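The next block holds one structure in the form of structure tokens; read it before the comments.
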Amino acid sequence: MKHSWWKESVVYQIYPRSFMDSNGDGIGDIQGIILKLDYLKELGIDTIWLSPVYESPNDDNGYDISNYHKIMDEFGTMEDWEELLHQVHMRDMKLIMDLVVNHTSDEHEWFVQAKSSKDNPYRDYYIWRDPKEDGSEPNNWASNFGGSAWEYNEQTEDYYLHLFSKKQPDLNWENEKLRDEIFSMMKWWLDKGIDGFRMDVINFISKGEGLPNGEIQPGRPYASGSRHYRNGPKIHHYLREMNQKVLSHYDLMTVGEMPGVTPDQAKEYTGEDRNELNMVFQFEHVGLDNGPNGKWDLKPLDLMELKQSLSRWQYALGESGWNSLYFNNHDQPRSLSRFGNDGKYRMESAKMLATLLHMMKGTPYVYQGEELGMTNVAFESIDSYKDIETLQAYTELKEQGFSEEEVMKSIHHKSRDNARTPMQWNAEEYAGFSISEPWLAVNPNYTSINAEAEMANEASIFHYYKQLIQLRRQNDLIVYGSYQLILEEEPEIFAYVRTYQGKKLLVICNFYKGEPTFKLPRDINFMTKQLLLSNYKVDEQMSISEFSMQPYEARVYLLN
Ligand code: NOJ
């Protein structure tokens, strides 16, 4: 397997709106990020992924871009951004930008033109269809944020497609001119010196021939059309063209966000000889706690399913292709509250989850605040929530007859705002994020959970992440070693072995608060063992052939 810098990286995701506010308007900004670069360096991060900072009316917090070549006023200016890039590079770190090209904002000049008349030159940059005979939408697809995926345009008396909000019209990748505009925009950013792209829902850009109806679930007005727009017929053609015209001319990291992608498909997107992308964000493991009715339908995570799922990905991309490793991002609730224990065992379970993920094969992603053990929030009233998906779900679930209590329970568990509350820097008012009231309220637990406290405590989650990152840096085994799940049937322990050049890494994680017994499989032989990391004090001389585990205990051994 070829060695590459992006395989050896640990990426830190910044959600700029909630990271650090330097000018006191309650909204995070680019100068704020610059103030915290030394913090990231201290953590050991080498690559930063910046969620969108482009001009946007913020219907979906920047994932609705109105100008790809401008910086959002609230975040600063292009000069600020240039300074950020410079400061990142000065610290020997890299900067990855978010590329949102499945859709634009409806306020983008292309769309303003396109909707004005049927013969406008930009018309074909978007996806238009005539109404059905009764005037209704061209097909039955639901938007990913709820409601129909089609919006009527008075001026031209037809509908445009929007897989997300109606302020995010989908681009028509069939149009070659549009593709070339996007490619030249990408070059424009790359020529400024950035180090790669995270590509928003990039497996949605090729829509199925004829846009056929999806299958309607009983009692629902719209169907998921995802079968017809995920991994569509021309997706590989578009990505290869992008690779050939743009990506291959630079030394980059690329990661494609791909809801619904299977391991076999991921292999096609990331295989070394495929000339498409470096890696994808898959969604299988973050869907395991969805009930039959989707994300808001709560279901406890089954560890057996998590083991099977993550292992399936480890095996599938073991030889060819590459995995991304993540539990958190700006769309997911905080993994500590979701899969761990954010009460009594907050510290232990945060470290356990981090160990489980970071010792796997792939490129790990840390989402802001994860390294501090930040948790979900439970705002009492829906009025405190800002996320468009959450607000739409609230209305729809209420319409479907769920009680206020049931709906708020789902929101507390799953809302994207769980991840978006401001970064908790210290115990001062507004958590040191801003000097004035933030755009989204701070999680009230900031007085005890914050960066200052974490950094001052040698035994903290922050210091543990630092160790995990350093270990990866020092051991090629952690980057390139092969993966093998062990103790498959063990219901409480997630354990695996990594192997590389005669050495083995043994990773043992107790996923729950019980105290199960770990029994080393007989076929794992070694002469010497060295404890590399653990979240409890461990007697290093102690035999590991059989021992009782503490709640949420995690250990990493090097076996020779
Ligand atoms: C995925 C992004 O991560 C999410 O935040 C956004 O709402 C959708 N794509 C639409 O751009």
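Here are some notes:
- For Lys70, the residues whose amide H sits under 5 Å from its own are Glu55, ignoring neighbours fewer than 5 places away on the same chain, with H placed 1.01 Å from N.
- Interchain or long-range residues, amide H under 5 Å from Trp141's placed H: Ala149, Gly214, Ala223
- Listed residue (Gln470, Pro121, Pro444) projecting farthest to the positive dipole end of the chain, Cβ model: Gln470
- Gap separating the Cα centres of region 36-94 and region 394-446, nearest whole Å: 23
- Cα centre as origin, Lys/Arg/Asp/Glu Cβ charges: the chain dipole, Debye: 2160
- When each of the peptides 517-525, 336-344 is scored by how many other beta carbons lie within 10 Å of its residues on average, the order from highest to lowest is 336-344, 517-525.
- In terms of overall dimensions, the chain has a Cα radius of gyration and Dmax of 23.6, 78 angstrom.
- HN-Hα J in Hz across region 369-379 - Karplus 6.51, -1.76, 1.60, θ = phi - 60°, x for Gly and Pro: x, 4, 6, 9, x, 5, 10, 4, 10, 10, 5
- Rounded to the nearest 20, the Cβ-based charge dipole of region 187-280 about its Cα centre (Lys and Arg +1, Asp and Glu -1) stands at 320 debye.
- Highest mean packing first, where packing is the average number of other Cβ atoms within 10 Å per residue, the peptides 355-368, 320-333 line up as 355-368, 320-333.
- Expressed as a whole percent, the proportion of Cα-Cα pairs in region 109-161 lying more than 12 Å apart is 63%.
- A simple rule links phi to the HN-Hα coupling: the Karplus curve 6.51 cos²θ - 1.76 cosθ + 1.60 with θ = phi - 60°, which for region 118-135 gives 5, 9, 5, x, 8, 3, 7, 6, 10, 10, 10, 9, 6, x, 5, 4, 7, x Hz, with x for Gly and Pro.
- Within straight-line cross-link reach of Lys537, lysines at Cα separation under 20 Å, skipping those fewer than 8 residues along the same chain: Lys344, Lys351, Lys466, Lys513, Lys519, Lys529
- Amide H contacts under 5 Å for Asn153: Asp158, Tyr159, Tyr160, restricted to partners 5 or more places along the chain or on a different chain, H placed in the peptide plane at 1.01 Å from N.
- Whole-Hz couplings from phi, Karplus 6.51/-1.76/1.60, listed for region 272-289; x for Gly and Pro: 4, 8, 8, 6, 10, 10, 7, 7, 10, 8, 8, 10, 4, 5, 8, x, 6, 9
- Accessible surface ranking that places the most exposed of Glu284, Glu272, Glu389 first, with a 1.4 angstrom probe: Glu272, Glu284, Glu389
- Helix 176-190 axis versus longest C-alpha principal axis of the chain: approximately 40°, rounded to the nearest ten.
- Rounded to 10°, Cα long-axis angle of helix 461-474 versus longest principal axis of the chain: 90
- The GluC sites (Glu not before Pro) of region 488-523 that meet both conditions, a loop assignment by DSSP and at most 15 other Cβ atoms within 10 Å of the site Cβ, are Glu488, Glu489.
- Sorted from greatest to least, the principal axis extents spanned by the alpha carbons of region 482-559 come out as 35, 27, 19 Å.
- For region 1-113, average projected area of the Cα convex hull in nm²: 8.3
- Residue-normalised accessible area of the chain, expressed per residue, 1.4 Å probe, Å²: 40
- Residues of type aspartates and glutamates that Lys41 reaches as a straight line, Cα spacing below 15 Å, ignoring anything fewer than 8 places off in the same chain: Asp92, Glu371
- Cα centroid of region 459-521 to Cα centroid of region 252-327, whole Å: 19
- The accessible surface of the chain, taken with every protein chain in place and a 1.4 Å probe, is 45 percent carbon and sulfur.
The values are calculated or read from the model by the stated rules, or taken from the named source; none is laboratory data. Note that the structure is predicted; figures quoted are calculated from it, not measured. Positions of Cβ are backbone-derived with ideal geometry, glycine not excepted, and every protein chain shown enters the neighbour counts. What goes into the accessible areas is simple: the full protein's heavy atoms, side chains included, and nothing from ligands, DNA or RNA. Shrake-Rupley method; radii C 1.70, N 1.55, O 1.52, S 1.80 Å.
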